[in-house]
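> To start, I am sharing the structure in question, which I have written as structure tokens.
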Amino acid sequence: MKSLTKVFLLLNILILLIGCAAPKDCIKCELPATIIISPIIKFADDTPVLYNADIKVLKYHFSGLIAFRRMSDSSAIRIVFLTEVGLRMMEFSYENGIAINTYCLDAIKRNSTVRFMDSFIEMLLQQSKIRKTCNNNSLNKSSYFCKLKKGYAEVEYTDNIKDKSIVKEGRKNRIEARYSDNANLPDEINVTMKYQTVIHLKKLNNAFK
Amino acid sequence: MKRICCVLIAFFTFSAIAFNQPAGFTPVKSASDFSSKMKDYASKLTCIKSNFVQEKHLQYLDAALESEGKFWYKTPNKVRWEYTKPYKYILVLNNGKLKMISESSKTELDMKGNAIFEQVNNIMIASVSGNILDNKDYGIQVFENTRFYLILMKPTSQAISTLISQMELYVDKNSYSVTKIKMIESGSDYSEISFSNLIINEEFDEGLFTP
């Protein structure tokens with residue numbers, strides 16, 4: 001019995017050590033000050049941006065469009081969800097870290113849907129603060145442990161825009177963005193959320209008149 | 001006193017007509033002539049192939065989204081909208097079934113179980129085929145200018161009016177084909193679909209409606 005307890009304790013310690021280890025090839029270091037990581041989508045001006053969205057929730061599969069614009073007369077970002085044929089489904093306004101639903105088509109009006117989209121928008125547009133950092137010099141990449149509104153996430157990116165990617169991973173959500181020609185607007189975003197939801201966004205160029 | 005009343009009634013009647021009248025258009029002179037020619041066009045129509053440009057005006061963003069593609073119609077109830085720019089998307093209406101194909105998904109719906117879809121389907125088909133004037137689900141007014149007839153349609157059904165507050169169909173005066181559709185939503189958003197390179201009654205592969 002005693003030997004069994006010892007084995008159990010040793011296993012626990014081993015699991016604890018593995019769990020607390022730094023990611024492979026990373027050297028942990030403390031930051032002298034808090035650093036702000038940009039949101040996944042950042043708006044340099046008031047040019048509207050369009051993404052094609054592919055959403056899988058459980059066995060259901062939807063597609064549509066998401067349009068964003070930072071309004072020139074305020075710091076608010078407005079977001080419109082619509083179908084490919086142009087039917088407006090939902091509208092949100094995002095300001096000071098909070099997304100507010102301003103319109104929802106009656107057929108899909110449910111508190112759970114609105115709350116879900118609220119948290120999706122916040123994931124895309126929220127700034128993150130870095131608490132700790134660890135550098136991976138061999139790949140010229142940096143990994144950061146970021147403090148988010150709820151829990152922590154890991155952010156990875158390189159300064160070279162062509163290879164830039166941001167991965168934020170919390171307990172329930174994971175968001176990954178890849179950038180190519182624009183350091184603020186990713187070409188592709190992959191999001192995994194609760195209820196086995198997978199969202200893929202793809203930037204569409206020259207969509208606005 | 002009677003004179004003043006008459007003048008006031010005439011003024012308000014004129015104002016009401018003037019406010020409903022779209023800019024650059026006057027009420028059609030011969031409604032029966034227009035109606036019979038429109039019905040004649042609809043009865044002879046078998047199929048349409050066309051390009052289209054869709055402009056979606058999003059008031060909330062103060063921006064207009066532009067997409068384009070190809071359109072096919074075959075009587076009595078087959079329609080295919082194929083968006084090619086800036087995204088790929090296909091919408092097919094075929095004998096009461098709606099099929100939507102995006103780059104990554106395929107969805108099929110039976111419109112018989114969905115009153116709104118069925119009504120939208122009916123109005124889409126009626127709009128492009130020109131078979132619209134007898135539609136009892138809409139209040140209809142017809143105007144004209146030198147190039148177009150303009151059919152203004154206001155839905156009378158509650159189900160449709162939550163989605164569309166008004167539709168405007170622009171009919172070419174020479175060919176009687178519908179060249180532009182404007183759908184005004186219940187807010188201030190609207191979509192404009194302009195057709196170009198219209199080919200009327202030239203057969204094409206029916207497989208397009210069974211993707």
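The values are calculated or read from the model by the stated rules, or taken from the named source; none is laboratory data. In this text the structure is predicted, and so the values were computed from the model without any measurement. Every residue, glycine as well, gets a Cβ built from its backbone with ideal geometry; the counts of neighbours run over all protein chains shown.
> So, in the range B:63-96, exactly how many residues are more than 7 Å from chain A (Cβ to nearest Cβ), out of contact with any Lys or Arg (no Cβ under 7 Å at 6 or more places or on another chain) and assigned to a loop (DSSP other than H, G, I, E, B)?
Final tally of qualifying residues: 5.
> Quick check on my filter: what residues within the range B:99-114 are in contact with a Leu (Cβ under 9 Å, 6 or more places away or on another chain) and within 11 Å of chain A (Cβ to nearest Cβ)?
Step one: list which residues in the range B:99-114 are in contact with a Leu (Cβ under 9 Å, 6 or more places away or on another chain), which gives B:99-101, B:107-111, B:114.
The answer is B:MET100, B:ILE101, B:THR107, B:ASN114.
> Tally time: how many residues in the range B:170-191 are within 16 Å of B:ILE123 (Cα to Cα) and either basic (Lys, Arg) or surrounded by fewer than 16 Cβ atoms within 10 Å (Cβ to Cβ) (or both)?
Let us first name the residues in the range B:170-191 that are within 16 Å of B:ILE123 (Cα to Cα), namely B:170-171, B:177-185, B:191.
So of that shortlist, the ones also either basic (Lys, Arg) or surrounded by fewer than 16 Cβ atoms within 10 Å (Cβ to Cβ) (or both) come out as B:180, B:182.
Number of matching residues: 2.
> Given the condition at pLDDT below 90, in a loop (DSSP other than H, G, I, E, B) and crowded, with 16+ Cβ neighbours inside 10 Å, answer yes or no: does some residue in the range B:147-169 qualify?
Yes, the range B:147-169 contains at least one residue that is at pLDDT below 90, in a loop (DSSP other than H, G, I, E, B) and crowded, with 16+ Cβ neighbours inside 10 Å.
> Sticking with this one: When you go through (1) farther than 29 Å from B:ASP62 by Cα; (2) of a type in the set (Gly, Ala, Ser); (3) surrounded by fewer than 18 Cβ atoms within 10 Å (Cβ to Cβ) one by one for B:SER129, which number turns out not to apply?
Exception for B:SER129: condition (3).
> Restricting to the range A:42-62, name every residue that is at pLDDT 90 or above and at the interface with another protein chain (Cβ under 8 Å from one of its Cβ atoms).
A:PRO48, A:LEU50, A:ASN52, A:ASP54 - these are the residues of the range A:42-62 that are at pLDDT 90 or above and at the interface with another protein chain (Cβ under 8 Å from one of its Cβ atoms).
> Further question: Tell me which residues, restricted to the range B:63-82, are surrounded by 20 or more Cβ atoms within 10 Å (Cβ to Cβ) and among the hydroxyl-bearing types (Ser, Thr, Tyr).
B:SER67, B:TYR73
> Say we look at the range A:178-208 and pick out the residues that are more than 13 Å from A:LEU65 (Cα to Cα) and among the small types (Gly, Ala, Ser); which of these is surrounded by the fewest Cβ atoms within 10 Å (Cβ to Cβ)?
If we filter the range A:178-208 for residues that are more than 13 Å from A:LEU65 (Cα to Cα), which is where we start, we get A:178-198, A:206.
Now restrict to residues that are among the small types (Gly, Ala, Ser): A:180, A:183.
Numbers: A:SER180: 14, A:ALA183: 16.
My answer is A:SER180.
> Any residue that is assigned to a strand (DSSP E or B), out of contact with any Gly (no Cβ under 9 Å at 6 or more places or on another chain), within 14 Å of another protein chain (Cβ to nearest Cβ) and under 30 Å from B:GLU103 (Cβ atoms) - is there at least one of those in the range B:198-211? Reasoning before the result, please.
If we filter the range B:198-211 for residues that are assigned to a strand (DSSP E or B), which is where we start, we get B:198-200.
Pick out the ones that are also out of contact with any Gly (no Cβ under 9 Å at 6 or more places or on another chain) and you get B:198-200.
Right, trim to within 14 Å of another protein chain (Cβ to nearest Cβ) and you get none.
Checking the range B:198-211: not a single residue is assigned to a strand (DSSP E or B), out of contact with any Gly (no Cβ under 9 Å at 6 or more places or on another chain), within 14 Å of another protein chain (Cβ to nearest Cβ) and under 30 Å from B:GLU103 (Cβ atoms).
> How many residues are outside any loop (DSSP other than H, G, I, E, B), more than 14 Å from chain A (Cβ to nearest Cβ) and in contact with a Leu (Cβ under 9 Å, 6 or more places away or on another chain) if we restrict to the range B:172-197?
Step one: of the range B:172-197, the residues outside any loop (DSSP other than H, G, I, E, B) are B:172, B:178-185, B:190-197.
Cutting the leftovers down to more than 14 Å from chain A (Cβ to nearest Cβ) gives us B:172, B:178-180, B:195-197.
Checking the rest, the ones that are also in contact with a Leu (Cβ under 9 Å, 6 or more places away or on another chain) come to B:172, B:178-180.
Selection size over the range B:172-197: 4.
> If you don't mind, another one. When you look at B:LYS2, is it away from every other protein chain (no Cβ under 14 Å), modelled with pLDDT under 90, out of contact with any helix residue (DSSP H, G or I) (no Cβ under 8 Å at 6 or more places or on another chain) and surrounded by 11 or more Cβ atoms within 10 Å (Cβ to Cβ), yes or no? Write out each step before concluding.
Numbers: away from every other protein chain (no Cβ under 14 Å): yes; modelled with pLDDT under 90: yes; out of contact with any helix residue (DSSP H, G or I) (no Cβ under 8 Å at 6 or more places or on another chain): yes; surrounded by 11 or more Cβ atoms within 10 Å (Cβ to Cβ): no.
Spelling it out, it is not the case that B:LYS2 is away from every other protein chain (no Cβ under 14 Å), modelled with pLDDT under 90, out of contact with any helix residue (DSSP H, G or I) (no Cβ under 8 Å at 6 or more places or on another chain) and surrounded by 11 or more Cβ atoms within 10 Å (Cβ to Cβ).
> What residue, among those in the range B:32-62 that are among the acidic types (Asp, Glu) and within 14 Å of chain A (Cβ to nearest Cβ), is surrounded by the most Cβ atoms within 10 Å (Cβ to Cβ)?
Filtering the range B:32-62 for residues among the acidic types (Asp, Glu) gives B:33, B:40, B:55, B:62.
Then drop every residue that is not within 14 Å of chain A (Cβ to nearest Cβ), which leaves B:55, B:62.
Values: B:GLU55: 17, B:ASP62: 14.
The selected residue is B:GLU55.
> What pairs come out if I take residues in the range A:78-107 that are free of Cβ contacts under 8 Å to residues at least 24 places away in the same chain and within 11 Å of chain B (Cβ to nearest Cβ) and pair them with residues that are β-branched (Val, Ile, Thr) and surrounded by fewer than 16 Cβ atoms within 10 Å (Cβ to Cβ) whose C-beta lies under 7 Å away, six or more apart or interchain?
Cβ pairs passing all conditions: A:GLU91/A:THR102; A:SER93/A:ILE100; A:SER93/A:THR102; A:ASP106/B:THR162.
> From the list A:GLU91, A:GLU95, A:GLU84, A:GLU30, which one is at pLDDT 80 or above, over 22 Å from the mean Cα position of the chain (by Cα) and among the acidic types (Asp, Glu)?
On the way: A:GLU91 fails: over 22 Å from the mean Cα position of the chain (by Cα); A:GLU95 fails: over 22 Å from the mean Cα position of the chain (by Cα); A:GLU30 fails: at pLDDT 80 or above.
Selected residue: A:GLU84, the only one of A:GLU91, A:GLU95, A:GLU84, A:GLU30 that is at pLDDT 80 or above, over 22 Å from the mean Cα position of the chain (by Cα) and among the acidic types (Asp, Glu).
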